[in-house]
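Have a look at the structure below before the remarks.
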Amino acid sequence: MAWVWMWIAAVSGAQEPSPAAAERLLVATFQPLDTASEAEATRITSALALRLQGHATVVPMREVPPFPPLDTDGETYLLACPPDNYSGCALVVGQRADVRWVVGATVRYAPDEFDPSTGHSVLDVTFVDVAGAREAARFALPMLGDEGVALDGVARVYADMVAGALDLTDQRDLSPDETPEEIARREAAARSVGELEQRLGTAVRSEDVRRIDPPKLTRADLADLSDGEGMPPWERAGLTEREYPRFANSGRTADEWRSERQGRLGEISVRGAVAGGGGPWSQNHEAKLLRGSADLQPIHTAQFLEVVRGGSGAFEAELGFGVAPWVEVSLVAGMHTGRATILRDEDVEDQAAIPGTATTSAISTYHYGVRARVLPFVHASARPTMAIGAVWWTGSGLPQSDSFPRLDAPTQLLLQLLPGAEASPSRHVTLFAHTGPQPRIGGTRERSTNVGSGLDAVPQPIGASGIGWTLDAGVQLRVGPLFRTQLGAH
């Protein structure tokens, strides 16, 4: 049942400390690890609270709001906590009490190594930085000799740890997971623990501090949550029983979780991407002209313009609107780079043919269309995506000349199948990438004219356009939602 109360805390008001909580310290109920330590744990909790009153505003456990749905008090919650997760339970209690710091401990009986018939208590003390969800100091304190000196030493560790953050002198051990303030606190606490060890004349084992990782709620825990009287916690949060474990393990508040259900519904998205790949983005043009031998007037002209496969870079812009939490529709427009190869040849009737020379130049072509994007897992910061679209591509035509008639631009209607992924570093900015095929489903990829007669061979298209394949990546800006609606749990 200890695990159960931790999940109840996730939806029962746990939050970051308010500014007024900066000097507030909660002395959490000490947890006895064996029967012999029960009375000792209660007595030492009260004694330490008295000694800490000169260093902070000490908040008693009775001010911790009870945990729904059974109105469990904070002391019962801590006593039921798994010993190896005591600091996590202390963090939850500190959040509910709206304090900046929590000091707590587990208490165990340790037999004397030389005389097993006697022994002493050992406090595994932890200081929890509530705002940072971090153990700021942790050490094992044997209760040997003068208990007053030991408890005064614990109070001094707290005072030096808080004051140490104001006197940062050494950042040599700074790690990516620690701020300079956290380094200063850790070093100040270590010095204070060392001084306590000298005063007590016995070893005080200091341990590495760490981030407090909350345990994960499983489906098996739901049975315990539903056994109690009153409304189950998922109903209090407006969620379903199936949805509740994902929420409880997410670290979000119930309001945040419910807001995320809106997904993309009502949002406007502006997306820009760069792309590359191979496909039908280039063109090939070939033309032949035969002149009569008597007056050199054209007697036969034939030409074609076709789409051919080639490498291409592209830029694409997209404007989307969310029509469901996980579905977005959009208008898309883009530009492709490509190459145009042109070969024109003129011959005279009854004279030897002289082959023409091909030239190649860069061209820009354009497409526009519509797209639908499926975006599952609305609560995740990174998710797979699937985009399906249809775009109309227009190539580059050839104007009329003195020798050849006009050729309209080739066209293609392309189906886009673009699986991909996206990640959201912030609420309104999303990075994305897609890749996939773009088969042709319509359009006119070849244009040609054939006027007159006399040519031995009429130029013919080679038909090498193929299926396009693209890889794109870009950034998306999200605005809204323009409206909110009450969505059912899922």
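Out of the residues in region 55-77 meeting the condition of being part of a helix (DSSP H, G or I) and not hydrophobic (A, V, I, L, M, F, W, C), tell me which one is surrounded by the fewest Cβ atoms within 10 Å (Cβ to Cβ). Within region 55-77, the match that is surrounded by the fewest Cβ atoms within 10 Å (Cβ to Cβ) is Arg62.
The condition of being of a type in the set (Lys, Arg) and surrounded by 15 or more Cβ atoms within 10 Å (Cβ to Cβ) holds for only one of Arg427, Arg371, that being Arg371. Say whether the condition of being surrounded by 15 or more Cβ atoms within 10 Å (Cβ to Cβ), closer than 30 Å to Glu243 by Cβ and within 33 Å of the chain's Cα centre (by Cα) is met by at least one residue in region 332-339. Scanning region 332-339 turns up no residue that is surrounded by 15 or more Cβ atoms within 10 Å (Cβ to Cβ), closer than 30 Å to Glu243 by Cβ and within 33 Å of the chain's Cα centre (by Cα).
Hey, any hits in region 388-406 for a residue that's more than 18 Å from Glu306 (Cα to Cα), in contact (Cβ under 8 Å) with a residue 12 or more places away in the chain and of a type in the set (Val, Ile, Thr)? Scanning region 388-406 turns up at least one residue that is more than 18 Å from Glu306 (Cα to Cα), in contact (Cβ under 8 Å) with a residue 12 or more places away in the chain and of a type in the set (Val, Ile, Thr). Under the condition of being assigned to a helix (DSSP H, G or I), small (Gly, Ala, Ser) and more than 20 Å from Gly88 (Cα to Cα), the residues counted in region 25-54 number 6.
Cβ separations smaller than 8 Å between residues 6+ apart or across chains give the following pairs from region 76-102 residues that are in the same structural domain as Leu33 (by TED's automatic domain parsing) to residues that are in a helix (DSSP H, G or I) and acidic (Asp, Glu): Ala97/Glu63.
Among the conditions (1) touching a Gly at 6+ places or on another chain (Cβ under 7 Å); (2) under 30 Å from Phe377 (Cα atoms); (3) not acidic (Asp, Glu), Ala324 misses just one, which is (1).
Residue-by-condition table, conditions (1) touching a strand residue (DSSP E or B) at 6+ places or on another chain (Cβ under 6 Å); (2) polar (S, T, N, Q); (3) modelled with pLDDT of 90 or more:
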{"site": "Gly334", "(1), (2), (3)": "yes, no, yes"}
{"site": "Thr337", "(1), (2), (3)": "yes, yes, yes"}
{"site": "Asp350", "(1), (2), (3)": "no, no, no"}
{"site": "Ile354", "(1), (2), (3)": "no, no, no"}
{"site": "Ala387", "(1), (2), (3)": "yes, no, yes"}
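Of all residue pairs spaced 6 or more apart or on separate chains, those with beta-carbon atoms under 7 Å, a first member in region 453-467 that is at positive phi and a second member that is in a loop (DSSP other than H, G, I, E, B) and of a type outside the set (S, T, N, Q) are Gly454/Glu349.
The values are calculated or read from the model by the stated rules, or taken from the named source; none is laboratory data. Note that the coordinates shown come from a computational prediction; the quantities given were computed from them, not determined experimentally. We place every Cβ from the backbone using ideal geometry, glycine too, and count neighbours over all the protein chains shown.
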